[in-house]
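A.B. asks: Following this message is one structure expressed as structure tokens.
The values are calculated or read from the model by the stated rules, or taken from the named source; none is laboratory data. Everything quoted here is computed from the prediction, not taken from an experiment. We place every Cβ from the backbone using ideal geometry, glycine too, and count neighbours over all the protein chains shown. Heads up: the accessible areas ignore ligands, DNA and RNA and are worked out on the full protein's heavy atoms, side chains in. Shrake-Rupley method; radii C 1.70, N 1.55, O 1.52, S 1.80 Å.
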Amino acid sequence: DARAGDKLYVFSDGVYEVENAETKKMEDFDDFKARLVSNTVAGGQKLRDMFEYAARLQNSEQFKDDYSMCEINLK
């Protein structure tokens, strides 16, 4: 059941299919999911945090795949 204050994230596969620049391996989906649901980012900055994390992971803001992500806040 959805409640006021819940968030829904919709994203393309390019958001989590990011190659780690050091290991040359794709990020694990479970690691991506854990970061997404963590409450370490306040003030509605989750999308920016996720983008910056992926850019740091691959050591570039230029993505090989599409990077699309939106946050829907339920009221």
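A.B. asks: Find the residue count for segment 36-71, including only residues that are within 19 Å of Leu8 (Cβ to Cβ) and open to solvent by less than 70 Å² (accessible area, probe 1.4 Å).
C.D. replies: Residues meeting the conditions: 14.
A.B. asks: Now a separate question. So in segment 1-44, with the set limited to residues that are modelled with pLDDT under 90 and of a type in the set (S, T, N, Q), which one is farthest from Glu71 (Cα to Cα)?
C.D. replies: Thr40
A.B. asks: Identify, please: which residue in segment 1-19 is within 14 Å of the chain's Cα centre (by Cα) and part of a loop (DSSP other than H, G, I, E, B) and is, among those, surrounded by the fewest Cβ atoms within 10 Å (Cβ to Cβ)?
C.D. replies: Out of the qualifying residues, it is Ser12.
A.B. asks: Quick check on my filter: what residues within segment 30-75 are touching a residue at least 24 places away in the same chain (Cβ under 8 Å), under 19 Å from Glu19 (Cβ atoms) and not in a helix (DSSP H, G or I)?
C.D. replies: Asn59, Ser60, Phe63, Lys64, Asp65, Asp66, Tyr67, Ser68, Met69
A.B. asks: Follow-up question, since we're still on this one. Pairs under 8 Å by beta carbon, first residue under 16 Å from Phe51 (Cβ atoms) and touching a residue at least 40 places away in the same chain (Cβ under 8 Å) in segment 4-29, partner open to solvent by 80 Å² or more (accessible area, probe 1.4 Å) and not polar (S, T, N, Q), six or more apart or different chains?
C.D. replies: Gly14/Lys64; Glu17/Met26; Val18/Met26; Glu19/Lys25; Glu19/Met26; Glu19/Lys64
A.B. asks: Considering segment 21-35 alone, what residues qualify as being open to solvent by 50 Å² or more (accessible area, probe 1.4 Å) and not aliphatic (A, V, I, L, M)?
C.D. replies: Those that are open to solvent by 50 Å² or more (accessible area, probe 1.4 Å) and not aliphatic (A, V, I, L, M): Glu22, Thr23, Lys24, Lys25, Asp28, Phe29, Asp30, Asp31, Lys33, Arg35.
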